[in-house]
Amino acid sequence: MDNIIAVDHVTFSYVEGTPVLRDVSLSVSRGAYVALLGANGSGKSTLARHFNGILLPATGTVTVDGIDTRDDAKKMEIKRRVGMVFQHPDNQIVATTVEDDVAFGLENFNMPPDAIAERVALALEQTGLWPYRTRPPHLLSGGQKQRLAIAGALAMDQPVVVLDEATSMLDASGRREVLRLVRQLNNQGTTIIAVTHHMDEVLEADDVIVLHDGSVVMSGSPRAVFQQNQRLRELNLDVPLISQVAGLLHEKVPGVPAEATDVEEVVMAVLESTRPAPHREHSSSDHESPREAPCIVVRELAHEYLRGTPLAHQGLKRADFIIHEGEAVAIVGATGSGKSTVMQHLNGIYRPQAGTVVAVEVDLGQPNANIPKVRREVGMLFQNPEDQLFEQLVGDDVAYGPMQLKLQLKEVRQRVRYGLEMVGLDFEAFMDRPIYALSGGEKRRVALAGVLALKPKVLVLDEPTAGLDPATAQDLFRRLHRLKAEGVAVVFVTHNLEEVLDLADRVVMMQDAETQGTYAVDELIKEPDIIARHGFEVPSILRLQQQLRKHGYAVSGRTPEAVVDSLLNSMDILPARETSGDLR
Amino acid sequence: MKLTTKKIVVAAVLAAISILLGVTRLGYIPVPNVAGNATIMGVPVYIGAVLEGWPVGVILGFIFGLSSFLGATVPMFKDPLVSILPRLLIGITPYLAYIAVRKKNEIMAYGLAGLVGSLSNTVFVVGAIILRGYYTFHQMLTVIPQAIAEAILSVILTVAVCAAWNRVQLGSGKSKISSVSD
Amino acid sequence: MTEDFELLRYITIGQYLPGHSIAHRLDPAVKLFSAIILILTIAFLSNYLANALAFAIVLGLVALSGVPIGYSLSGLRPALWFIIALLLLELLFSPVKGTVLWHYAVLHVSTYSLRLTVTSLLRLIDFILLISVFTLTTRTNDVTRAMERISSPLQYLKVPTRELALIMTIALRFVPTFALEMERIMKAQASRGGGLTQAPKWNIVAQARARLPLIIPLFLIALRRAEDLVIAMESRGYVPNQERTAYRQYHLVLRDWVALGIAVVLCVGLIVV
Ligand SMILES: Nc1ncnc2c1ncn2[C@@H]1O[C@H](COP(=O)(O)OP(=O)(O)OP(=O)(O)O)[C@@H](O)[C@H]1O
Ligand SMILES: Nc1ncnc2c1ncn2[C@@H]1O[C@H](COP(=O)(O)OP(=O)(O)OP(=O)(O)O)[C@@H](O)[C@H]1O
Ligand SMILES: [Mg+2]
Ligand SMILES: [Mg+2]
């Protein structure tokens, strides 16, 4: 029994009468990598905070290395053993330079200065932060900040590191960076407990524990857990796209294992139990639909931040693209490639320093440009909009925009109703709710309602789903589809190519502060190599299609359902018994 | 005085706001008189005193004073006896006002803390200016309109922030659009 | 002023100018202590001679540290007219003491008001230069550690000096972060058709009203962050009012003691004159 953490029949509540953890029992073996999964509010963070004694169980016990967390005399012992890394990298950095921050925990443990220096150097070396040791934290990227937080835990040489959604504020490359580091730690023997919504992170783990409403409802290997497709959906959790495809396919082609978690496995199974059907031409939607008129034109745009100061920085070197009325365009690119900088030009927050931006027929380069018209017709949702709600009540916040238009109060009310209903919130129930009483997902919807209440013709969204749980994110995308159908042009930034497949007609690729090119999404589905060439990871369902096409299956589609449909259309299922004989 | 981690951190973030309001000048509202600006930089001090007690108020007062001293561009505030010393007290007065009234009405107590804090800031600083001989009492009378403006803003901000943070309902709890029907 | 939504532009705290001058190499606590006693001494000087000497000493320090004077004083430029107006007010309207040098209607220039005006101007410049010499030659974390070290005797009076230093550190750490946060709120409001830039400059009420929806959320965001930070610090073993070791070590060497001696002698000298 080499369990480093044991949780035994633990219950906990913040407020009398509403238990957040109900009779939770689990154990984590030394050196394991455990993923903790569950919908928003299911109690993950609360449980995580029990592992190092920040919270103490009301009943039941938590032991770390045999030490009861309620033992007051051993508090420091517990902290020495269990490190924590949280979601917001910004809220866990204490000092004004990287090295001082790594030293903070060691100072608390009264370690002699020489030993601190040694440990700090080692931790910075391991996390690749040594060159940045004298930087102030606000000049680090998100991924670097999160690595700094891990370096702090590393320096303390803690046998357990708990990550509470440590990657959810990061972009794809930042996440990969952090995951690689975590993997490496685990290989060196550190026990990892990771709270996450990202399925690819779950696949890294040895064990998965699923929480629902304060209880452990599932546990086991990732494979075993994902197999229970239906059950996971009921729990408001996402299943990796490839597992969704496998699940759907399994119903028609039993040879495909429903619990498959990688592309190769599905391809192998399909090849074994089916053969490609002779080409049945079906009407393809290949022909270009006639282009609508352009509503935003960006030409040779460049932008320098903090011009004329020692910190001056070319945030954008060159951007070129057009947005047409009623279409959805995705903007993708690595972190720092200038996506947000471009977006903020589209409704005149920034005016072009070089190049031109014409939005809803207003040339933003002109000193007397009609900025209020642009702000009204191009609605803009910034990164993490829930932090930017500034009124106390939902109704007042959504009304802010319409109020600036000096509309009659009655008219304003109708706009607020429209906005809230568009995002699926009940007007009567929500208008007088205080903002603080909303969940994260609800706040984000309110922020979007505030923009929609202006009835914009163009909707500009900067990473609208970052940090949302999968169910909420999907819900948001359903609403965007509806708006698009009503003729609103949607421009959105994302790091998630699955979202591009879901909604976008075209995609603008950015790199090194320049736009590299614009592609029709249908083109990318046929030629996923373009995506790889631009340095992105090809989404699993595109890789699947690509490999199957190589074997002669005429498959194409954006969603698991569409892919499975077209695949079923393009194959003949071999009778189960013949399969093995056929291959000989 | 025993400081908890929470008190330390709250003092720190409020101090950061105070410094930020100062360096960006967002904490100053231009007013044409001797002082030149109405300032809301004292508000973090009053809020700190209400939320975490007088020791946090005194610490914030000191930091407010220090940043006003360091950032001053006029002779009288480049004098630590004017810019720092009086500010040590403005974290205590709002706290006393707050606990005196808290039992009767929470919201009123926030408002009074803001009012008393702002008035004591004016009185102590103006007092120090006169004592240090920069200007006379009569010259300093021109700050009265500004003192009123500062007091009003301090009350609004202290009430709004403390009530929102402690989740005390303000006013009717209804949004503006509730007053009309469709 | 906020037209371009770039608040970081105003954050000049911790603007360390790298260099190798004697001022850079002195121990930060020695520098800070010397600066404080000089500032306190100068604050009490009232005669011309002492002020002139103090000014000379300050210029000497500036020369030793290699800090550019123009750069240090550039902060005064936007306030120039205002400073002149204030000085004139002091010069012309102060109580009439000593001999009257010039008068016209209610305006009087006396030896007293002249001295008051000249000394307060000199003092302003002295202080700005002294503070620049200190902050431009000392890194931010050395500044807060220096504050902690020189105030440590106050611990015996139960003043929590280490905790105060930590508060300063965290505050400085968060100023730029909050600046970015504020920038985002401003942009969010502007993009919905409102904001500070819409308010007329001298309309005090409008200016004040435009700031409230900016500043209230900033406070709430800061307090929310504080909650997270408490948990993060406690997870890393922080316990207030308890011994901690220090990563950064300082040892006074000969030149530090010499500098300290000179500073004390200068201050005593100025007071005697
Ligand atoms: N400090 C607190 N006081 C009162 N209730 C709280 C507190 N923190 C969390 N809760 C409540 O406890 C429940 C579980 O919260 P917890 O933060 O553990 O969820 P979670 O699974 O981490 O969710 P998320 O995915 O949103 O981070 C929620 O209903 C939440 O509202
Ligand atoms: N307000 C600012 N002040 C100074 N530099 C900035 C500012 N905003 C962005 N930058 C810099 O400009 C560059 C482009 O930033 P931008 O935010 O547009 O990137 P992004 O593609 O949106 O990245 P992310 O995916 O991280 O959101 C980056 O190097 C960034 O550090
Ligand atoms: Mg959580
Ligand atoms: Mg961005």
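The values are calculated or read from the model by the stated rules, or taken from the named source; none is laboratory data. What you see is a predicted model, and the numbers here were worked out from it, not measured in a lab. Every residue, glycine as well, gets a Cβ built from its backbone with ideal geometry; the counts of neighbours run over all protein chains shown. To get the accessible areas, we keep the full protein, side chains included, count just its heavy atoms, and leave off ligands, DNA and RNA. Shrake-Rupley method; radii C 1.70, N 1.55, O 1.52, S 1.80 Å.
Which residue is farthest from A:ARG233 (Cα to Cα), if the candidates are limited to region A:48-76 and must be assigned to a helix (DSSP H, G or I) and out of contact with any strand residue (DSSP E or B) (no Cβ under 6 Å at 6 or more places or on another chain)? Within region A:48-76, the match that is farthest from A:ARG233 (Cα to Cα) is A:ALA73.
When residues in region A:165-183 are screened for being open to solvent by 10 Å² or more (accessible area, probe 1.4 Å) and more than 11 Å from the chain's Cα centre (by Cα), 7 of them pass. Selection over region A:37-64 of residues that are open to solvent by less than 10 Å² (accessible area, probe 1.4 Å), within 16 Å of ligand 1 (Cβ to nearest atom) and touching a helix residue (DSSP H, G or I) at 6+ places or on another chain (Cβ under 7 Å) gives a count of 3. Looking at A:VAL195, A:VAL225, A:VAL208, just one residue is modelled with pLDDT under 90, crowded, with 18+ Cβ neighbours inside 10 Å and touching a strand residue (DSSP E or B) at 6+ places or on another chain (Cβ under 6 Å), and that residue is A:VAL225. Checking each residue in region A:426-465 for being away from chain B (no Cβ under 14 Å), modelled with pLDDT of 80 or more and part of a helix (DSSP H, G or I) picks out A:GLU442, A:LYS443, A:ARG444, A:ARG445, A:ALA447, A:LEU448, A:VAL451, A:LEU452. Give region A:298-312 a look and list any residue that's open to solvent by 30 Å² or more (accessible area, probe 1.4 Å) and either modelled with pLDDT of 95 or more or closer than 27 Å to A:LYS457 by Cα (or both), or say none. Within region A:298-312, A:ARG299, A:GLU300 meet the criteria. Residues in region A:313-334 that are near ligand 2 (Cβ under 9 Å from one of its atoms) and either more than 17 Å from C:ARG184 (Cβ to Cβ) or surrounded by 23 or more Cβ atoms within 10 Å (Cβ to Cβ) (or both): A:HIS313, A:GLN314, A:LEU316, A:ILE331, A:GLY333, A:ALA334.
Residue-level check: of (1) open to solvent by 10 Å² or more (accessible area, probe 1.4 Å); (2) within 24 Å of the chain's Cα centre (by Cα); (3) away from chain A (no Cβ under 11 Å), B:HIS138 misses just (2). Set side by side, the residues A:LEU409, A:LEU364 differ, and just one is surrounded by fewer than 20 Cβ atoms within 10 Å (Cβ to Cβ), in contact with a helix residue (DSSP H, G or I) (Cβ under 8 Å, 6 or more places away or on another chain), assigned by TED's automatic domain parsing to the domain that holds A:LYS484 and not basic (Lys, Arg), which is A:LEU409. When B:ALA100 is tested against (1) part of a helix (DSSP H, G or I); (2) aliphatic (A, V, I, L, M); (3) open to solvent by less than 10 Å² (accessible area, probe 1.4 Å), just one condition goes unmet, and that condition is (3).
Of the set (1) closer than 20 Å to C:SER191 by Cβ; (2) within 13 Å of ligand 2 (Cβ to nearest atom); (3) in a strand (DSSP E or B), all apply to A:TYR350 but (3).
Does region A:466-485 include one or more residues that are charged (D, E, K, R), away from ligand 1 (no atom under 16 Å from the Cβ) and not in a helix (DSSP H, G or I)? Show your work before the answer.
Narrowing region A:466-485 to residues charged (D, E, K, R): A:469, A:475, A:478-479, A:482, A:484.
Imposing the further condition that a residue be away from ligand 1 (no atom under 16 Å from the Cβ) reduces the set to A:478-479, A:482, A:484.
Those left that are additionally not in a helix (DSSP H, G or I): none.
Checking region A:466-485: not a single residue is charged (D, E, K, R), away from ligand 1 (no atom under 16 Å from the Cβ) and not in a helix (DSSP H, G or I).
Only one of these is of a type in the set (A, V, I, L, M), modelled with pLDDT of 90 or more and closer than 16 Å to C:TYR10 by Cβ: B:ALA11, B:ALA16. Name it. Lay out the reasoning, then the answer.
Values: B:ALA11 fails: closer than 16 Å to C:TYR10 by Cβ.
Step by step, each of B:ALA11, B:ALA16 is checked, and only B:ALA16 is of a type in the set (A, V, I, L, M), modelled with pLDDT of 90 or more and closer than 16 Å to C:TYR10 by Cβ.
Against the numbered list (1) within 18 Å of the chain's Cα centre (by Cα); (2) more than 11 Å from every other protein chain (Cβ to nearest Cβ); (3) part of a helix (DSSP H, G or I), C:ILE125 comes up short only at (2).
In region A:315-331, the residues that are within 14 Å of chain C (Cβ to nearest Cβ) form Cβ pairs under 7 Å with partners that are more than 16 Å from ligand 3 (Cβ to nearest atom) and open to solvent by less than 20 Å² (accessible area, probe 1.4 Å), at six or more places apart or across chains, as follows: A:GLY315/A:HIS303; A:GLY315/A:GLY338; A:GLY315/A:THR341; A:GLY315/A:ALA513. Hey, A:VAL508 hits all of (1) modelled with pLDDT under 90; (2) crowded, with 19+ Cβ neighbours inside 10 Å but one; which does it fall short on? Going through (1) modelled with pLDDT under 90; (2) crowded, with 19+ Cβ neighbours inside 10 Å one by one, A:VAL508 breaks only (1). The residue that is nearest to A:LEU497 (Cα to Cα), counting only those in region A:519-546 that are touching a residue at least 24 places away in the same chain (Cβ under 8 Å) and open to solvent by 50 Å² or more (accessible area, probe 1.4 Å), is A:GLU537.
Looking at A:ALA224, A:ALA166, just one residue is within 14 Å of another protein chain (Cβ to nearest Cβ) and away from ligand 2 (no atom under 16 Å from the Cβ), and that residue is A:ALA166.
Scanning region A:83-96 for residues that are more than 8 Å from every other protein chain (Cβ to nearest Cβ) and in a strand (DSSP E or B) turns up just one, A:VAL85.
Do we find a residue being modelled with pLDDT of 90 or more, in contact with a Ser or Thr (Cβ under 7 Å, 6 or more places away or on another chain), of a type in the set (A, V, I, L, M) and surrounded by fewer than 19 Cβ atoms within 10 Å (Cβ to Cβ) anywhere in region B:104-114? No, region B:104-114 contains no residue that is modelled with pLDDT of 90 or more, in contact with a Ser or Thr (Cβ under 7 Å, 6 or more places away or on another chain), of a type in the set (A, V, I, L, M) and surrounded by fewer than 19 Cβ atoms within 10 Å (Cβ to Cβ).
In the set (1) within 14 Å of ligand 1 (Cβ to nearest atom); (2) open to solvent by less than 30 Å² (accessible area, probe 1.4 Å); (3) in a strand (DSSP E or B), A:VAL34 fails one condition alone, (1).
It is to be established whether one or more residues within region A:480-497 are among the small types (Gly, Ala, Ser), crowded, with 20+ Cβ neighbours inside 10 Å, free of Cβ contacts under 8 Å to residues at least 40 places away in the same chain and assigned by TED's automatic domain parsing to the domain that holds A:GLY424. Within region A:480-497 (the criterion being among the small types (Gly, Ala, Ser), crowded, with 20+ Cβ neighbours inside 10 Å, free of Cβ contacts under 8 Å to residues at least 40 places away in the same chain and assigned by TED's automatic domain parsing to the domain that holds A:GLY424), the answer is no, since none of the residues qualifies. Tallying residues that are within 8 Å of another protein chain (Cβ to nearest Cβ), modelled with pLDDT of 85 or more and open to solvent by less than 10 Å² (accessible area, probe 1.4 Å) within region B:19-42 yields 3.
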